[in-house]
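Engineer: This is the structure, below, for whatever I ask next.
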Amino acid sequence: MINVSELKIYAHRGAAAFSLENTWNAFHKVSNFGVGIELDLQITKDGVVVVYHDDNLKRLSGKNLAIADVEYNLIKNVKIGKRWHRLFQSDLIPLAYEVLQWAEEKGVPLNLELKSSFLKHPNGPQIIAAMLERINDFHISSFHPELLKEMKGLLPEVEMALIINKKTPLALLQEMHWVDSIHLHKRLYSRQFLQGLDRSGKMIRVYGLRGGEAVITKRVPELNGIITDYPNRVIKKLRPPLHG
């Protein structure tokens, strides 16, 4: 994995700029860059964990199906894609355990974002915790602090990252002892915001970067990760210039 002074790069949804997000094509593309992968996990009504971002399939399939409300058999053959885009061919929704096994065999670090369907399933946290027992290089992220708290109880040694927005009360982060790190969009990355985060004592990763931002090279000690659709650009930005 690319690691410049411990600054780790994760390809957002499997480098969504190059292939359809959260698909095998995207994951295979990322493996050529030598970076980690950020991907999204959902759980169906009957407890099957799949890799998909939205709670509903409509955006990428045209079918109005909420993943948390349907059984896996209803969605396993649903084609997803952006048919108006020549780079994004129709694909199937990957099964999480297959992606986890592939990443483990390839040595690809994972940033696993758990979506709200895990809050709706009565055994959702337990199911994903059992799947992760044999996976080594990963951390868990979520917008839902209560979900991270439950996951921390199940996997106490695993890093839990809270994804925050501008409305998140930074003072509360100090009380969230189960949250180990913070993920924030580049729009929130400012000196004032960093000072507030610094009081929480947590490391941070920034997402939404396209490769040309100053945050990549003018980093602060708290920053230990970048999540981007363009890992190739970030790698190029981080490489020192060659001198003849």
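Engineer: From the helices alone, meaning DSSP H stretches of at least four residues, give me the mean residue ellipticity at 222 nm for the chain, per-run term -39500 (n - 2.57), in deg cm²/dmol to the nearest 500.
Structural biologist: Value at 222 nm, helices only, nearest 500: -7000 deg cm²/dmol.
Engineer: While we're here: Any chance you could run the full-extension gain for Ser190 through Met131? It's 0.36 nm times the residue separation minus the Cα-Cα distance, nm to one decimal.
Structural biologist: Gain in length upon complete extension: 17.5 nm.
Engineer: On to the next question. With a cut-off of at most 15 other beta carbons within 10 Å, and DSSP calling the residue loop, which trypsin sites (Lys or Arg not before Pro) in the range 113-152 qualify? Please list them.
Structural biologist: For trypsin sites (Lys or Arg not before Pro) across the range 113-152 that sit outside H, G, I, E and B with at most 15 neighbouring Cβ atoms in 10 Å, the list reads Arg134.
Engineer: May I ask for the net charge around Ala214, where only other residues with Cβ less than 11 Å from the Cβ of Ala214 are counted and Lys, Arg are +1 while Asp, Glu are -1?
Structural biologist: +3
Engineer: Please compute the contact order of the chain in relative form: average sequence separation of alpha-carbon pairs under 8 Å and at least six residues apart, divided by the residue count, as a percent.
Structural biologist: Here the relative contact order equals 19 percent.
Engineer: Let me ask another. Quick one: go through the range 191-210 and flag any residue whose amide nitrogen is under 17 Å from the point 7 Å out along the Cα-to-Cβ line of Asn224.
Structural biologist: 197-207
Engineer: Also, I was wondering about something else. Using 7 Å Cα-to-Cβ label points, what is the Glu175/Glu71 separation (nm, one decimal)?
Structural biologist: 4.3
Engineer: If you roll a 1.4 angstrom probe over the protein chains with everything in place, what fraction of the accessible area of the range 31-106 belongs to carbon and sulfur, to the nearest %?
Structural biologist: Looking at the range 31-106 in its full context, I get 46 percent from C and S.
Engineer: Take the alpha carbon gyration tensor of the chain, find the square roots of its eigenvalues, order them as a ≥ b ≥ c, and report rounded if a/c is under 1.5; if not, report prolate when a/b exceeds b/c, else oblate.
Structural biologist: oblate
Engineer: Heavy-atom accessible area per residue, the chain, 1.4 Å probe: how many Å²?
Structural biologist: 51
Engineer: According to the square roots a ≥ b ≥ c of the eigenvalues of the Cα gyration tensor, what is the shape class of the range 130-242, taking rounded for a/c under 1.5, prolate for a/b larger than b/c otherwise, and oblate for the remainder?
Structural biologist: The shape class here is oblate.
Engineer: If you average the sequence gap of Cα pairs under 8 Å that are 6 or more apart and divide by the length of the range 1-55, what percent do you get for the contact order?
Structural biologist: That works out to 30 percent.
Engineer: What part of the accessible area of the range 120-160, given as a whole %, is carbon or sulfur when the probe is 1.4 angstrom?
Structural biologist: Result for the range 120-160: 50 percent of the exposed heavy-atom area is carbon or sulfur.
Engineer: Can you list the GluC sites (Glu not before Pro) in the range 94-150 that are in a DSSP coil and have 16 or fewer other beta carbons within 10 angstrom?
Structural biologist: Qualifying residues, ordered by number: Glu133.
Engineer: Once Rh for the range 45-130 is found with the Kirkwood sum over Cα pairs, what is the Stokes-Einstein diffusion coefficient at 25 °C and 0.890 mPa s, in µm²/s?
Structural biologist: 175
The values are calculated or read from the model by the stated rules, or taken from the named source; none is laboratory data. From a predicted model like this one, the values you see are computed outputs, not experimental measurements. Because the Cβ atoms are built from the backbone with ideal geometry, glycine has one as well, and the counts that use them run over all protein chains shown. Side chains are part of the model used for accessible areas, which takes the heavy atoms of the whole protein and leaves out ligands, DNA and RNA. Shrake-Rupley method; radii C 1.70, N 1.55, O 1.52, S 1.80 Å.
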